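Here the structure is laid out as structure tokens; the discussion comes afterwards.
The values are calculated or read from the model by the stated rules, or taken from the named source; none is laboratory data. Computed from a predicted model, the values in this text were never measured in an experiment. FYI the Cβ positions are ideal-geometry reconstructions off the backbone, even for glycines, and counts take in every protein chain you see.
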Amino acid sequence: MIWEQEDVLLSGKVYKFKTKPIDPSDPFRGKYITLRFDINSFKTKDKVFIYGDKIKVYIKEDDEGFAKVVDVSKKKLNIKADYIVAKVTNTYDNTVTFKLPFDRFYMEESKAYDAEKAYFKVNRNNSKENVYALVYVKNGRSVLADVIIKGMSIKEYVENEHQ
């Protein structure tokens, strides 16, 4: 399992996933930050999904370099796009909503609370500063490598904010 993650980090393609604000009443559990993403649904045609289905979420980079969904399917499609295996959480009006597998960013316990506060503050303000997750993707596997705030790693951002 560790080798698979290292393989994805070494030879997978890196994508930036835009984050969005999280519920302030339950944003942090233990030693990780809970992340929510802009891309969590896709409008489909002729495709039927039910809660709990594992699906392949096909992604490409948009014009700004962020991940965007180009298709979803229960089976592997023959298209030129990377994919992530996700879980269906809802379907309504030909739109499937899904949970991406990398919604927790683990950190050193002493920095996690400050990181959660910084993440929430920048996202809540909907400021021009980009807040996004760096995720490596390869053959359906994905590894969350970092969370970026104002162009720097969240770990570095927290250290700079407390100096």
Please specify each residue of segment 84-116 satisfying the condition of being within 16 Å of the chain's Cα centre (by Cα) and either of a type in the set (Lys, Arg) or under 12 Å from Arg36 (Cα atoms) (or both).
-> Lys87, Phe98, Lys99, Leu100, Pro101, Phe102, Asp103, Arg104, Phe105
For segment 69-93, what are the residues that are modelled with pLDDT of 95 or more and surrounded by 18 or more Cβ atoms within 10 Å (Cβ to Cβ)?
-> Val69, Val72, Asp82, Tyr83, Ile84, Ala86, Val88
Lys68 fails exactly one of the following numbered conditions: (1) touching a residue at least 60 places away in the same chain (Cβ under 8 Å); (2) part of a strand (DSSP E or B); (3) of a type outside the set (Val, Ile, Thr). What is the number of that condition?
-> (1)
Matching entry among Val143, Val96, Val147 (being in contact with a Lys or Arg (Cβ under 8 Å, 6 or more places away or on another chain) and surrounded by 18 or more Cβ atoms within 10 Å (Cβ to Cβ)) = Val96
Yes/no for Gly65 being in contact with a strand residue (DSSP E or B) (Cβ under 8 Å, 6 or more places away or on another chain) and over 21 Å from Lys138 (Cβ atoms) | no
Taking segment 17-46 and keeping residues at pLDDT 85 or above, out of contact with any Asp or Glu (no Cβ under 8 Å at 6 or more places or on another chain) and within 20 Å of Met107 (Cβ to Cβ) leaves none
Looking across segment 117-163 at residues that are out of contact with any helix residue (DSSP H, G or I) (no Cβ under 6 Å at 6 or more places or on another chain), of a type in the set (Lys, Arg) and at pLDDT 80 or above, the single one that is farthest from Thr34 (Cα to Cα) is Lys150
